[in-house]
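The values are calculated or read from the model by the stated rules, or taken from the named source; none is laboratory data. Note that the coordinates shown come from a computational prediction; the quantities given were computed from them, not determined experimentally. Because the Cβ atoms are built from the backbone with ideal geometry, glycine has one as well, and the counts that use them run over all protein chains shown.
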Amino acid sequence: MDFDYSDKVKALRERLLAFMDQHIYPNEARFFQEVEANRSAGNAWVPTQLIEELKPKAREAGLWNLFLPRSPRAPQGLSNLEYAPLCEIMGRVPFAAEVFNCSAPDTGNMETLERYASEAIKDEWLEPLLRGDIRSAFLMTEPEVASSDATNIQCSITRDGDHYVINGRKWWSSGAGDPRCAVYIVMGKTDPDAPRHSQQSMIVVPANAPGITVLRPLTVFGYDDAPHGHMEVLLKDVRVPASNLLLGEGRGFEIAQGRLGPGRIHHCMRSIGAAERALELMCQRLNSRVAFGKPVSAQSVWHERIADARCRIDMARLLTLKAAYMMDTVGNKVAKAEIAMIKVVAPNMACDIIDMAMQAFGAAGMSGDTPLAYSYANQRTLRLADGPDEVHRQSIAKLELAKHLTVQREVDMPVTRGC
């Protein structure tokens, strides 16, 4: 496996680093100030002018829709392995990915539409998403069931002539708070009597369809992530054309696996970017502060923490690049163990390193004076988003046990000797 960056990726990486230095880092405070100003004016969900100002600059720089591979509608899209180091850089600032039209859940929804939607649906919804004109949400998780087992989902999608009627309650519908959010992809049951993994389907639903009510925003450690938001959404007798169903009835799990694989790579590379930035801030802080008569960086306890952080970041990056390489070469199904492993490793690693950095900053690390507290809140959610740690660990363990079960059977086979 060769993880060296191609000349194309090296050039994009340098361009992206320059864009971050010129436009993103200097405007971090402005982003949050705009959100707070909108909140004070009575509506935190107004999109920030900053993001809208920076999007055309990102397009002009050729840093747009880089996440979507093998799409004639986005020919600039990169492979998973090519995109990974760029995604890491974007992950250093929580809002940065949107500037490049590379933010969740839009990336996953665009991949889903590209792979599974009809040309008519692509024209209606994928094209404006690729232009950055609208945003989207993915409605899967439900408050009334343990959604870590997606077969529990109870939202109903019932055929009625040329339409489907949708009834259910969803939450943690990220992006649904944004007034630019124009379309949902909803997962629900079309046939509760079908085999367990053939009951679910996915359907495209306009966000302004009658019967949809956005009930409330949910907070993460007190952050509401406005104007993006994680919303609770009620769907009551929502009617959409039958042609909006993706692939066909009972194909929801198949679509979910196709959607979530690349999304996990993106999440994990952004986690690595967040951890790298936390380590940089931690080292700068330790070098600049004096306690008990010497720089804090001279205290041996910090040597151990810094070394541990560097080892863990690099290990997580290599494992994630391996998963990306395998997805590109042998596909998501063969790479399922690697995808599950990175989803456990990267967010846990990032949480630990950001926690170390907050400790280095003392009380300031808990405040909004540094990006660390907000970054920690984001990373902590990723131990649940796209499947909790426990589900991924279970998958890894089952795959590992299956390997050794085959070996054990071979060892236990009786040996028959000839006369």
Notebook entry, point to check: What single numbered condition from (1) of a type outside the set (Val, Ile, Thr); (2) in contact with a Lys or Arg (Cβ under 7 Å, 6 or more places away or on another chain); (3) assigned by TED's automatic domain parsing to the domain that holds Gln76; (4) within 27 Å of Asp224 (Cα to Cα) fails to hold for Trp125?
Noted result: (2)
Next item on the list: For the stretch 174-185, indicate whether the set of residues that are crowded, with 21+ Cβ neighbours inside 10 Å, in contact with a Lys or Arg (Cβ under 7 Å, 6 or more places away or on another chain) and among the hydrophobic types (A, V, I, L, M, F, W, C) is non-empty.
Entry: yes
Next item on the list: Working carefully through the options Ile121, Ile157, find the one that is in contact with a helix residue (DSSP H, G or I) (Cβ under 7 Å, 6 or more places away or on another chain) and modelled with pLDDT of 95 or more.
Entry: Ile121
Notebook entry, point to check: Of the residues Glu114, Glu142, Glu127, which single one is more than 30 Å from Glu52 (Cα to Cα) and in contact (Cβ under 8 Å) with a residue 24 or more places away in the chain?
Noted result: Glu142
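Yes/no per residue for (1) within 22 Å of Asp133 (Cα to Cα); (2) modelled with pLDDT under 95; (3) not in a loop (DSSP other than H, G, I, E, B):
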| position | (1), (2), (3) |
| --- | --- |
| Lys8 | no, no, yes |
| Leu17 | no, no, yes |
| Ala74 | yes, no, no |
| Leu81 | no, no, yes |
| Arg92 | no, no, no |
Margin query: Can you tell me which condition Asn101 does not meet? The list is (1) in a helix (DSSP H, G or I); (2) buried (at least 23 other Cβ atoms within 10 Å of the Cβ); (3) not basic (Lys, Arg), and all the others hold.
Written below: (1)
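Mind listing just one residue for me: the one in the stretch 311-339 that is small (Gly, Ala, Ser) and buried (at least 20 other Cβ atoms within 10 Å of the Cβ) and, of those, farthest from Arg115 (Cα to Cα)?
Only one residue fits best here, namely Ala316.
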Notebook entry, point to check: Just to be sure, is Ile212 under 23 Å from Glu390 (Cβ atoms) and among the β-branched types (Val, Ile, Thr)?
Noted result: no
Checklist line | Where a residue in the stretch 286-303 is touching a residue at least 12 places away in the same chain (Cβ under 8 Å) and surrounded by 14 or more Cβ atoms within 10 Å (Cβ to Cβ) and its partner, wherever it lies, is part of a loop (DSSP other than H, G, I, E, B) and not small (Gly, Ala, Ser), with Cβ under 6 Å and at least six apart | finding: Val296/Arg289
